Amino acid sequence: MYRILELNPQLKDFAGDIDLRMFLYNSTKERILSGGQTLKDFANAHNYYGFHHVDGGWYYREWAPSAYQLYLEGEFNGWNQTSHPLTPVGDGNWELYLEGDNALWEGCKVKTVVDANLTRTEHIPLYARRVIQEPYTVNFVCEVVDDRKKFNWTDGNFEGEDTLFIYEAHVGMAQEEGKVSSYREFADWTLPHVKEAGYNAIQLMAIMEHPYYGSFGYQVSNFYAASSWFGRPEDLKYLINKAHEMGIRVLLDVVHSHAVKNTTEGINMFDGTVWQFFHDGPKGDHPAWGTKCFDYGKTGVIHFLLSNLKFWMEEYHFDGFRFDGVTSMLYHDHGLGTDFNSNDKYFSYNTDTEAITYLQLANELIRQVNPKAITVAEDMSGMPGMCLPIEDGGIGFDYRLAMGLPDMWIKAAKTQDEFWDINKMWGDMCLRRPGEGTVAYVESHDQALVGDQTMIFRLAGANMYTDMEKHTHNPVIDRAVALHKMIRLFTLAGGGEGYLNFMGNEFGHPEWIDFPREGNGWSFHYCRRQWSLKNNEELKYQWLNDFDRDMVHLCKNHHIFNQRMANLQLMKAPEQMLCFARCDLFFVFNFHPANSLNNVLIPVYPDTKELTVEFSSDDWRYGGFGQVHHMTYPVKEFDGQRYVELYIPARTAIVLRETKEEPKKVAKKPAAKKKTTKKETK
């Protein structure tokens, strides 16, 4: 019996489905791997296809099984469409050899010409490593990258921290100036803030090439090209190398759930057919996103996508991936309109078993390339085993995103404070599958987009524009500042085994994200981050930023994720107060808008001797009222139970730690010939 069934006994009726999952995984490996191969051996398409310099010349290779003829055109031949035909070499592969070291060169602009279905079309090479949009046109071209040009990596000994505190970021909108910012600007200006704020991983969005800037990078056209919106490939390598020097992991927000439908700058219909990569007919069209859906059952598609993962890890030194749109991959209806309120929803005719197999293969490959790599799944359905090892009947991810938590907070923010249901809030924090890692978060980029609202905006509204000066007192802003701090601490400490924040949200960024588009006059006003606000000593954003920084450092230093689930110590639902313990920290929350609580007895562990206040959202330096004293509380005992007695102000979070005894110093044995004095003995 697989371990997934031991952890989830409610799935016993679906043991056959787990057996099928594992059978398909093993049989697919047998089909795609030849004798003795591993997935790491198999996933080398990028080393064969595309442009590669060899002694005395260049090779260009493509996979186009349904094409009649391929040609290469570009600056090297005056854009002659037919002077350089590729030769078929079997199994749908095509090859062109160009003699001479300078037959192609770094930055040489090229395109692929394809004859198929009695039609001649132009395309970007499938394995293009750099794609640019020519100025003042809608024309995209491939620029040849010379693989003789090597980057000077200095991260050979890099090892990330064991815990995961993710800073989700978009390079282009990461600076304050209204423009598309660069990889190097992010490395030099944003990474120091990430480091100082305590986050130990960045999750980079929009890195895979995409033709429309406003897509947030989720409609990929060229899977092997680092986005030219932000600079050259070596600039991205500079960013990652610098992050590693700071001890920061770099995760790629990888999009293998769908692809842009464009044909001239994308991979769609490269060989004249939709079904080279995608499902034919309606099944190949995503009804909500207007994109193309991969056919994960085809060996050629598996080869293309697995090689893509290996490429990003080896060429750019990414430390892992956040897989976008996993729910869309898992189900034939893409999870649209399905409530997943019973286990049979996970194992039915609606389940795309080929996609599950692909995700298993992807996770196995990633660990073969880098055993310390991290993978995170964006799955809102709660698919069982998503974050269990493959040998346990799982899919192999390390973490899933706790996508229900932002929804829970949005519903709470729409409700009057006195009606907040503490029982449900705590239940949602604990709603995670046993043995599976979860990344908790209050808000990601989704909640920061125009059309939605960040948590601080939901709490403060228009008062954000008028009353964020420290010396201005407004009860709406006081409430917003207090709850913003409490909500983030509650989520980090109670909601998972990892934590995520979208850049700028830590200090309550006051503006939503709206990419330049026709509807806003192509303005960058809302597509930037106003770092000057958190650095302004006159504004309350600084309080929120400092709180978030100290909160992250506190939880990191006490390794709270080493304990998978917190222990609920006390719940007083009518008073909207609770306390839970994780490792050696006790987290106390009073969400009530008005009632401060006196003489609250909080149960502690039997061996706890005393607790010391380590952190409080009510401290002056975080915009609080200074009502919580940083003192040590002795443990009291009543009827065989041990307690600490606390005063807990309204809308306040307090963190206490077990007071550790300092190790006693042992006096050194005095030298034999020296007379020991009383003073020296003391």
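The values are calculated or read from the model by the stated rules, or taken from the named source; none is laboratory data. Treat the numbers as computed from the prediction; the structure is a model and nothing was measured. Neighbour counts run over all protein chains shown; Cβ positions are idealised from the backbone, glycine included. Keep in mind that these areas ignore ligands, DNA and RNA; they rest on the heavy atoms of the full protein, side chains included. Shrake-Rupley method; radii C 1.70, N 1.55, O 1.52, S 1.80 Å.
Within the range 73-85, is there a residue that is crowded, with 17+ Cβ neighbours inside 10 Å and in a strand (DSSP E or B)? Let's see the steps before the verdict.
Taking the range 73-85 as the starting set, the residues that turn out to be crowded, with 17+ Cβ neighbours inside 10 Å are 73-74, 76, 84.
Okay, now just the ones that are also in a strand (DSSP E or B), so 73-74.
Yes: the range 73-85 contains one or more residues that are crowded, with 17+ Cβ neighbours inside 10 Å and in a strand (DSSP E or B).
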Just to check your reading of the model, which residue among Leu118, Leu191, Leu126 is under 27 Å from Ala43 (Cβ atoms) and hydrophobic (A, V, I, L, M, F, W, C)?
Leu126
Among the residues that make up the range 575-587, is at least one of them modelled with pLDDT of 95 or more, in a loop (DSSP other than H, G, I, E, B), among the aromatic types (Phe, Trp, Tyr) and surrounded by 19 or more Cβ atoms within 10 Å (Cβ to Cβ)?
no
Scan (1) more than 19 Å from the chain's Cα centre (by Cα); (2) among the polar types (S, T, N, Q); (3) in a helix (DSSP H, G or I) for the single condition Ser523 breaks and write down its number.
(3)
Considering each of Asn139, Asn117 in turn, give the residue that is of a type outside the set (Lys, Arg), modelled with pLDDT under 95 and under 16 Å from Ser228 (Cβ atoms).
Asn139
Residues of the range 396-411 being over 18 Å from the mean Cα position of the chain (by Cα) and touching a residue at least 40 places away in the same chain (Cβ under 8 Å), which ones?
Trp409, Ile410
Search the range 239-260 for residues that are open to solvent by 10 Å² or more (accessible area, probe 1.4 Å) and at pLDDT 95 or above and pair each with any residue that is hydrophobic (A, V, I, L, M, F, W, C) and in a strand (DSSP E or B) when their beta-carbon atoms are under 8 Å apart and the residues are at least 6 apart or on different chains.
His244/Val250; Arg249/Ala201; Arg249/Ile202; Arg249/Ile374
If I ask for residues that are surrounded by fewer than 17 Cβ atoms within 10 Å (Cβ to Cβ) and either modelled with pLDDT of 95 or more or over 47 Å from the mean Cα position of the chain (by Cα) (or both), which ones from the range 635-656 would you list?
Asp639, Glu645, Tyr647
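Going by the conditions given, is Asp339 more than 20 Å from Lys292 (Cβ to Cβ), surrounded by fewer than 21 Cβ atoms within 10 Å (Cβ to Cβ), out of contact with any helix residue (DSSP H, G or I) (no Cβ under 6 Å at 6 or more places or on another chain) and not hydrophobic (A, V, I, L, M, F, W, C)?
Here the answer is yes, as Asp339 does meet what is asked.
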Determine if the range 321-328 includes at least one residue that is outside any loop (DSSP other than H, G, I, E, B), open to solvent by 40 Å² or more (accessible area, probe 1.4 Å), modelled with pLDDT of 95 or more and out of contact with any Phe, Trp or Tyr (no Cβ under 6 Å at 6 or more places or on another chain).
no
Do we have any residue at all in the range 428-436 that's at positive phi and of a type outside the set (A, V, I, L, M)?
yes
Can you name the condition, by its number, that Val450 falls short on among (1) farther than 30 Å from Gln542 by Cα; (2) in contact with a Phe, Trp or Tyr (Cβ under 6 Å, 6 or more places away or on another chain)?
(1)
For the range 28-43: of the residues being under 16 Å from Gly300 (Cα atoms) and among the polar types (S, T, N, Q), which is surrounded by the fewest Cβ atoms within 10 Å (Cβ to Cβ)?
Ser34
For the range 177-219, what are the residues that are open to solvent by less than 20 Å² (accessible area, probe 1.4 Å) and touching a Gly at 6+ places or on another chain (Cβ under 8 Å)?
Ser181, Tyr183, Asn200, Ala201, Met205, Ala206, Ile207, Met208, His210, Tyr213
Residue pairs, Cβ under 8 Å, 6 or more apart or interchain, first in the range 72-95 and touching a residue at least 24 places away in the same chain (Cβ under 8 Å) and over 14 Å from Val141 (Cβ atoms), second assigned to a loop (DSSP other than H, G, I, E, B) and among the charged types (D, E, K, R). List them.
Gly92/Asp271
For the range 245-266, name all the residues that are under 16 Å from Phe397 (Cα atoms) and part of a strand (DSSP E or B).
Leu251, Leu252, Asp253, Val254
Could you figure out which of (1) open to solvent by 10 Å² or more (accessible area, probe 1.4 Å); (2) under 22 Å from Ile302 (Cα atoms) isn't true of Gly284?
(1)
Checking the condition over 33 Å from the mean Cα position of the chain (by Cα) and surrounded by 15 or more Cβ atoms within 10 Å (Cβ to Cβ), which residue from Glu99, Glu95, Glu62 passes?
Glu95
Please work out which one of (1) over 21 Å from Gln10 (Cα atoms); (2) in a helix (DSSP H, G or I) is the condition Thr415 fails and give its number.
(2)
Restricted to the range 27-58 and to residues being among the aliphatic types (A, V, I, L, M) and touching a residue at least 40 places away in the same chain (Cβ under 8 Å), the residue nearest to Gln360 (Cα to Cα) is Leu39
Criterion: part of a helix (DSSP H, G or I), touching an Asp or Glu at 6+ places or on another chain (Cβ under 7 Å) and among the charged types (D, E, K, R) - qualifying residue of Arg488, Arg528
Arg488
All but one of (1) at pLDDT below 95; (2) among the polar types (S, T, N, Q); (3) in contact with a helix residue (DSSP H, G or I) (Cβ under 7 Å, 6 or more places away or on another chain) hold for Thr357; which doesn't?
(1)
Is one or more of the residues making up the range 517-524 of a type in the set (Phe, Trp, Tyr) and at positive phi?
yes
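Search the range 342-364 for residues being small (Gly, Ala, Ser) and part of a loop (DSSP other than H, G, I, E, B), and hand back the single one that is surrounded by the most Cβ atoms within 10 Å (Cβ to Cβ).
Taking the candidates together, the pick is Ser348.
If you go through the range 120-136 one residue at a time, how many are modelled with pLDDT of 95 or more and assigned to a loop (DSSP other than H, G, I, E, B)?
7
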Being surrounded by 14 or more Cβ atoms within 10 Å (Cβ to Cβ), in a strand (DSSP E or B) and among the aliphatic types (A, V, I, L, M), is that true of even one residue in the range 106-113?
yes
Only one residue in Asn595, Asn567, Asn536 is open to solvent by 40 Å² or more (accessible area, probe 1.4 Å), of a type outside the set (A, V, I, L, M, F, W, C), free of Cβ contacts under 8 Å to residues at least 40 places away in the same chain and touching a helix residue (DSSP H, G or I) at 6+ places or on another chain (Cβ under 8 Å), so which one is that?
Asn536
Within the range 289-315, considering residues that are open to solvent by less than 10 Å² (accessible area, probe 1.4 Å) and under 17 Å from the mean Cα position of the chain (by Cα), the one nearest to Asn241 (Cα to Cα)
Trp312
